[in-house]
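Please read the structure below before turning to the comments.
The values are calculated or read from the model by the stated rules, or taken from the named source; none is laboratory data. Worth saying up front: this structure is predicted, and the values here are computed from it rather than measured. Here Cβ is always computed from backbone atoms with ideal geometry, including for glycine, and neighbour counts include all displayed protein chains. For the accessible areas, the whole protein counts, side chains as well, though only heavy atoms, and no ligand, DNA or RNA atoms are used. Shrake-Rupley method; radii C 1.70, N 1.55, O 1.52, S 1.80 Å.
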Amino acid sequence: MNVRRALAGLVACSLLAGSPAASAGGSPIQSADLRDWLTYIASDELGGRATFSAGLGLAAGYLQSRLAEWGVSPGGDHGGYLQTVTVQGVQTTSRSSVTVRVGKNSRTFRDGQGVTFPREMGGPRTVTLDRVQFAGYGLDAPGIGHNDFRDSDVAGAAVVYLGEKGPKAIEAARARRVLASRSRHVLDQLRGAATIGPASERPRRDREANPSSRPSSRPLVDFTSAQRLDRPVPPAVTVDDAFYEFLFSATPVRYADLKRKAAAQEPLPVFLLAEVSLTFNIDVDYTVVRVQRTQNVVAVVPGSDPALRDSYVAFGAHYDHVGYAEREPAPDGGGAPGRVTSTARHDRIWNGADDDGSGTVALLALAKAFASADVKPRRSLLFVWHAGEERGLWGSRYFTDRPTVPIDQIVAQLNIDMIGRNRNDDPAQSNTVYLVGSDRISSELHQVNRAANASLPRPLTLDYEMNDPSDLEQLYYRSDHYSYAAKGVPVIFFTTGLHPDYHANTDDVSRIEFDKMTRITQLVYETGARLANLDHPPVRDHRGPRAGKGTRE
Ligand SMILES: [Zn+2]
């Protein structure tokens, strides 16, 4: 799983349509297989599987050998299992601007002069938005009983918000994280068309791009990306007082009052800005100054139904981790790629057995089980082991921008990242798996998964706590399923949650709960088999993260 970055009525037929293919003749997922494969994948020989390292190449070779042995078809470039992922370091030259029209007056703010665009702002285009909503603090935080979007649908609107500290009810310790996720929540979950936030929210320069940034000179690259630079990206700008003042110049409420209230954390009004429109003119040149390459591993089990086999159920995991320390880490952990556990100071390899060795071998087990089944599901099954997840979801971002099968033919994506432990090492969690995202795009997908679980000999406890949009960890955005969800593909993210060895040098095979991991893999198998046998793709009804029943069984 990705470390938090700077921010950071279902019809009965669908329940019946998927036959419980997994259960016949005993379980196709074998715990002994998982242990065997993970013992190699998380061994010191692979050196922590950092992206661009020989260890990751060894892992890719191992996956390919197993897939070939079982007769799973290659699904990568040139008829092979590998898809090359190109990672670009980019310099941005921006001439972008926003023109604000208030009644008969208008004013244009240029990037860097009252308004700041992100360095990666998508391809050149002009977007005019006539609906501009002031959303107070811009927060949807049920945990503190605060929702600035209760009475307004902001889909397709520009959303303006204020406040560096948020409302009084927000705990100071949580405020920065919650506030920093405002823009993404509006654009991604509420389907807003643009966000205008305070300058305090300006992202720091890309640390990935400039590991030793030289503040006085032009950075070598402005950002690093595995995505198409010409894709449309909704504008998310930060603005200064002068911009806000002009924006509010015709409203009955003065900006100075709003600003004072926000600074005092007092309640803020919510209203539509009458006769205001915004025109974003995105005018940008990107210069690629650095190119690096890594590989996804891609395989396919063809479906049995000629009418459905051109559509796919996708299964994903990431096979990279964070690598090793070349020198003894400093006492404060400096020079290490992750955390150093105090009882293991001299272990220099971050083996990533749970993160995401567990998903890597679970995916192998799924491929083996489907490939050796006597009766294949109707749809085809796509398996992608993503590279570069730990560096910023690179492999999945690349794959979903340049998929090896048409992305609109992927009916669902099931992502597995860290399924080998108990959350916080709590033994009471031994039957629990956390599901994130299952109801957000398709509530039918959510129901198929629940029915699959109910059909297992020992159903798991399905916990949706981490799917709530106000959950601080924001896991929905932190693993590869998000790259698919961002393209409209319904997803489920399966995880057993964080624990003390997360991104530490003690995430080792000896600490994996193989029985639990086997059962979760069976749940993914059963869910995937049902989806692959459905006569229609799961309906994309976009009912959002609270459509699912409850947060807990
Ligand atoms: Zn991770």
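Key figures for this structure:
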item: From PRO490, PRO500, PRO459, residue being in contact with a strand residue (DSSP E or B) (Cβ under 6 Å, 6 or more places away or on another chain), modelled with pLDDT of 95 or more and of a type outside the set (A, V, I, L, M); result: PRO490
item: So LEU393, is it more than 14 Å from the ligand (Cβ to nearest atom) and open to solvent by less than 10 Å² (accessible area, probe 1.4 Å); result: no
item: Among (1) open to solvent by less than 10 Å² (accessible area, probe 1.4 Å); (2) in contact with a strand residue (DSSP E or B) (Cβ under 9 Å, 6 or more places away or on another chain), the one test that GLU444 misses; result: (2)
item: Residue selected from segment 347-390 under the condition surrounded by 24 or more Cβ atoms within 10 Å (Cβ to Cβ) and of a type in the set (D, E, K, R), by the criterion farthest from the ligand (Cβ to nearest atom); result: ARG379
item: Flag if GLY420 is crowded, with 18+ Cβ neighbours inside 10 Å, closer than 24 Å to LYS487 by Cβ and not basic (Lys, Arg); result: no
item: Any hit, segment 517-525, residues being polar (S, T, N, Q), out of contact with any helix residue (DSSP H, G or I) (no Cβ under 8 Å at 6 or more places or on another chain) and more than 16 Å from the ligand (Cβ to nearest atom); result: yes
item: Total residues in segment 287-333, condition within 16 Å of the ligand (Cβ to nearest atom), closer than 19 Å to LEU366 by Cβ and part of a strand (DSSP E or B); result: 3
item: Segment 271-297: number of residues that are over 30 Å from TRP385 (Cα atoms) and open to solvent by 60 Å² or more (accessible area, probe 1.4 Å); result: 4
item: Answer residue from segment 469-508, given it is away from the ligand (no atom under 16 Å from the Cβ) and under 9 Å from the mean Cα position of the chain (by Cα) and is surrounded by the most Cβ atoms within 10 Å (Cβ to Cβ) among those; result: TYR484
item: Cβ-Cβ under 8 Å pairs, at least 6 apart or on other chains, segment 317-331 side open to solvent by 20 Å² or more (accessible area, probe 1.4 Å), far side within 16 Å of the ligand (Cβ to nearest atom) and part of a strand (DSSP E or B); result: VAL322/ALA50; VAL322/TRP350; TYR324/ALA50; TYR324/ILE349; TYR324/TRP350
item: Answer from TYR484, TYR476, TYR398 - the residue that is assigned to a helix (DSSP H, G or I), under 17 Å from LEU382 (Cβ atoms) and either of a type in the set (A, V, I, L, M) or in contact with a Phe, Trp or Tyr (Cβ under 9 Å, 6 or more places away or on another chain) (or both); result: TYR484
item: Test: VAL313 is among the β-branched types (Val, Ile, Thr), out of contact with any helix residue (DSSP H, G or I) (no Cβ under 7 Å at 6 or more places or on another chain) and surrounded by 16 or more Cβ atoms within 10 Å (Cβ to Cβ); result: no
item: Residue list for segment 509-538, restricted to those being open to solvent by 20 Å² or more (accessible area, probe 1.4 Å), closer than 23 Å to LEU445 by Cα and outside any helix (DSSP H, G or I); result: ASP535, HIS536, PRO537
item: Of the criteria (1) under 29 Å from the mean Cα position of the chain (by Cα); (2) open to solvent by 60 Å² or more (accessible area, probe 1.4 Å), which one LYS104 fails; result: (1)
